[in-house]
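The values are calculated or read from the model by the stated rules, or taken from the named source; none is laboratory data. Nothing here was measured: the structure is a model prediction, and the numbers come from that model. Reconstructed Cβ throughout: ideal geometry from the backbone, glycine too, with neighbour counts over all protein chains shown.
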């Protein structure tokens, strides 16, 4: 009887640990509960950063990168069945440098390697499981892998020794493949300047309508944040064109999301395990718009129910705070409360925004991603989401202090994030949060939050309307134009981009 490959490698694991010195699980000092819980696992997890990749180069090992999150069912399963197994842990520690990332703490890392998994395996969703070269380039990856799958060979017990063997014996081919994947990742996020053509934008919106209609007919596949953005786009298209086909598809999608909420006691978590608070917030924006357009009481009632969910979540004491996510939820609360005239929700949303600003915002320097520990982490989507929430607060109250923060953040965008090729980059150059293996890419497509460049354009258009300053409109057009050759063809994930483009073109 042939011994399973993973078991034959246990002696090798112990020998390698003895030769190179033991790795140490370093998760106990992490800043998020998701990471600190992994300190109890029999895997010597390293934090993301230069040190881990330098260690991989020194030991001549590949990196095993795992990206997960609290709001992810399959992450829980993989943590229990794979990374809780001492035998698998010993193999990992002997043959790889394991690096663990919280998706919500490091959105830049999550976005980059989600793109790599799309290229490598044609898959989307979490967790992300990847094998990297010591320069951070991915050469193999996927999402969830079981502990053991001898039939297909796709279990971690089968894959780990095979990946390690290939890395030793086929290093040149692996390096070439990883370099190609890296270039494909970068080309996906690269700006591709073009003119904003009304016919192209209109055709792309029709494509979103058709794609959402197909998803809605499948019923069970509607439930992600991206679907809420697509529904909102179609409602805005209906408001501008009076084309009932947009309204019909948006209604069908919203009904499925709302019915899911009624059946489970909360809105659908999404087929990709999107954070429930973000799905609720995206759904609130769409449902509030449906109420404004149709005056159907059920949309008003659902909006008020969602406001109760979201304001309750914002006031939980022990929940993690991430500026981009919190700001998106707060902006949704303020816009939704205004739509249904809920003054209590408005007050709670303003209180949450004031707390967030006190904890994360510094005038002239922008917004940091988390309120404690690392003042260096300032992503583009933190700036644009907080600016958007401040615009919503200004619209709700008329208080100019909120408008002043939004204008200050718009100035930070131009100073620190503007790309000479157009649009805005996800990280400022020289940001201390960016290790040498990070590429300074830009994003315009929706994922767990709206595409950062698309939302930047939306904020800039809002500032143009609030201040009467035409520079903001010019900057919005430049941000959208930077991705005009690629974004409209991206289907559902281009919804926020198309909505901003539609708004801009309508105002010409």
Problem - Subset of the stretch 78-118 (residues that are assigned to a helix (DSSP H, G or I) and farther than 28 Å from residue 369 by Cα) - result: 80, 81, 86, 87, 88, 89, 90, 91, 92, 93, 94, 95
Practice task
Consider only pairs whose beta carbons are under 6 Å apart and that are at least six residues apart or on different chains; among these, list those whose first residue lies in the stretch 191-216 and is more than 15 Å from residue 497 (Cβ to Cβ) and whose second residue is part of a loop (DSSP other than H, G, I, E, B).
Solution key: 215/221; 215/222; 216/222
Exercise for the section: Return only the number of the condition from (1) crowded, with 20+ Cβ neighbours inside 10 Å; (2) on the phi < 0 side of the Ramachandran plot; (3) in contact with a strand residue (DSSP E or B) (Cβ under 9 Å, 6 or more places away or on another chain) that residue 137 does not satisfy. Expected result: (3)
Fill in the blank from the handout: Among (1) within 23 Å of the chain's Cα centre (by Cα); (2) in a helix (DSSP H, G or I), residue 318 falls short only on (2)
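Considering each of 369, 315 in turn, give the residue that is farther than 20 Å from residue 403 by Cβ and either outside the structural domain of residue 283 (by TED's automatic domain parsing) or at pLDDT below 90 (or both). Step through it out loud before you land on a result.
Working: 369 fails: either outside the structural domain of residue 283 (by TED's automatic domain parsing) or at pLDDT below 90 (or both).
The unique qualifying residue is 315.
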Handout entry: Test result for residue 306, assigned to a helix (DSSP H, G or I), modelled with pLDDT of 95 or more and over 21 Å from residue 406 (Cβ atoms)
Key = yes
Problem - Residue identified as assigned by TED's automatic domain parsing to the domain that holds residue 382, out of contact with any strand residue (DSSP E or B) (no Cβ under 9 Å at 6 or more places or on another chain), surrounded by 24 or more Cβ atoms within 10 Å (Cβ to Cβ) and over 17 Å from residue 114 (Cβ atoms) among 476, 464, 456 - result: 476
Practice task
Taking residue 359 as meeting all but one of (1) surrounded by fewer than 22 Cβ atoms within 10 Å (Cβ to Cβ); (2) modelled with pLDDT of 95 or more; (3) within 23 Å of the chain's Cα centre (by Cα), write down the number of the exception.
Solution key: (2)
Handout entry: Members of the stretch 37-67 found to be buried (at least 21 other Cβ atoms within 10 Å of the Cβ), assigned to a helix (DSSP H, G or I) and touching a helix residue (DSSP H, G or I) at 6+ places or on another chain (Cβ under 7 Å), listed by number
Key = 38
Practice task
State whether one or more residues within the stretch 65-80 are over 21 Å from residue 124 (Cα atoms) and in contact with a strand residue (DSSP E or B) (Cβ under 9 Å, 6 or more places away or on another chain).
Solution key: no
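Residues that are surrounded by fewer than 22 Cβ atoms within 10 Å (Cβ to Cβ) and either in a helix (DSSP H, G or I) or modelled with pLDDT of 95 or more (or both): does the stretch 218-232 have at least one? Let's see the steps before the verdict.
Just the residues of the stretch 218-232 that are surrounded by fewer than 22 Cβ atoms within 10 Å (Cβ to Cβ), to begin with: 218-221.
Still in the running and either in a helix (DSSP H, G or I) or modelled with pLDDT of 95 or more (or both): 218.
Yes, the stretch 218-232 contains a residue that is surrounded by fewer than 22 Cβ atoms within 10 Å (Cβ to Cβ) and either in a helix (DSSP H, G or I) or modelled with pLDDT of 95 or more (or both).
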Handout entry: Any chance residue 462 is on the phi > 0 side of the Ramachandran plot and in a helix (DSSP H, G or I)
Key = no
Handout entry: Candidate set: the stretch 483-508, residues that are touching a helix residue (DSSP H, G or I) at 6+ places or on another chain (Cβ under 7 Å) and under 18 Å from residue 419 (Cβ atoms); chosen: the one surrounded by the fewest Cβ atoms within 10 Å (Cβ to Cβ)
Key = 487
Fill in the blank from the handout: Exception for residue 98 within (1) surrounded by 21 or more Cβ atoms within 10 Å (Cβ to Cβ); (2) out of contact with any helix residue (DSSP H, G or I) (no Cβ under 6 Å at 6 or more places or on another chain) falls at (2)
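Going through the stretch 255-277 one residue at a time, which ones are surrounded by fewer than 24 Cβ atoms within 10 Å (Cβ to Cβ), at pLDDT 80 or above and in a helix (DSSP H, G or I)? Steps first, answer last, please.
Start the filter on the stretch 255-277 by keeping residues that are surrounded by fewer than 24 Cβ atoms within 10 Å (Cβ to Cβ), which leaves 255-256, 258-266, 269, 271-273, 275-277.
In the following step, the residues that additionally are at pLDDT 80 or above were identified as 255-256, 258, 275-277.
Selection gives 255, 256, 258, 276, 277.
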Practice task
Could you check, for the stretch 182-190, whether at least one of its residues is buried (at least 20 other Cβ atoms within 10 Å of the Cβ), under 28 Å from residue 60 (Cα atoms) and in the same structural domain as residue 98 (by TED's automatic domain parsing)?
Solution key: yes
Problem - Test: residue 300 is out of contact with any helix residue (DSSP H, G or I) (no Cβ under 7 Å at 6 or more places or on another chain) and assigned by TED's automatic domain parsing to the domain that holds residue 232 - result: no
Handout entry: Residue list for the stretch 53-64, filter: without any contact (Cβ under 8 Å) to a residue 60 or more places away in the chain and in contact with a strand residue (DSSP E or B) (Cβ under 9 Å, 6 or more places away or on another chain)
Key = 55, 59
Handout entry: Residue check for residue 70: in contact (Cβ under 8 Å) with a residue 12 or more places away in the chain, over 29 Å from residue 180 (Cα atoms), under 21 Å from the mean Cα position of the chain (by Cα) and not in a helix (DSSP H, G or I)
Key = yes
Completion exercise
Per the filter on the stretch 392-405, residues in contact (Cβ under 8 Å) with a residue 60 or more places away in the chain and surrounded by fewer than 24 Cβ atoms within 10 Å (Cβ to Cβ) are 394, 395, 396, 403
Problem - Complete set of residues in the stretch 304-321 that are closer than 26 Å to residue 31 by Cβ and either without any contact (Cβ under 8 Å) to a residue 40 or more places away in the chain or surrounded by 24 or more Cβ atoms within 10 Å (Cβ to Cβ) (or both) - result: 310, 312, 313, 314, 315, 316, 317, 318, 319
